[in-house]
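What follows is a short report on a single structure.
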Amino acid sequence: MKTATILGVLGGLITLIVGAVAAAGTAVPSWGVVSLAGSAGLVGVVVGILTLIFAWMAAKSKAVWALWLIFSLIGLAVGVGVVIGPLLALIGSLLALKK
């Protein structure tokens, strides 16, 4: 397994887990107000899943590397609280683009 794929999978898992925890922690809206942390958590879950998919498919097509880069940047911008997952995915996608 290549280093870029390992970094992407690890970053995707971290983003997925942190997003799921953030979404689960704010699943019950208090006083009818929807929390922004819950929305960011759901975005983290979606970005984590897509990052995992793109990291596994990186060897198939060069277009997947660009999508991997875009979604790792989205995960970094949302920043569910821990930026290490999207940062690892970003590094992995840049390594994959470099080759």
What length, rounded to one decimal in nm, is gained on full extension from A66 through to A20, with 0.36 nm per residue of separation minus their alpha-carbon distance? 14.1 nm
Checked the stretch 41-81 with the C-alpha gyration tensor, a ≥ b ≥ c its square-rooted eigenvalues, rounded below a/c of 1.5, otherwise prolate if a/b is larger than b/c and oblate if not; verdict prolate
Quick one: length gained pulling K98 to I49 fully straight, 0.36 nm per residue minus the C-alpha distance? 15.3 nm
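Computed from the coordinates by the stated procedures, all read-outs in this text should not be read as laboratory data. Bear in mind the structure is a predicted one, so any value in this text is a computation, not a measurement.
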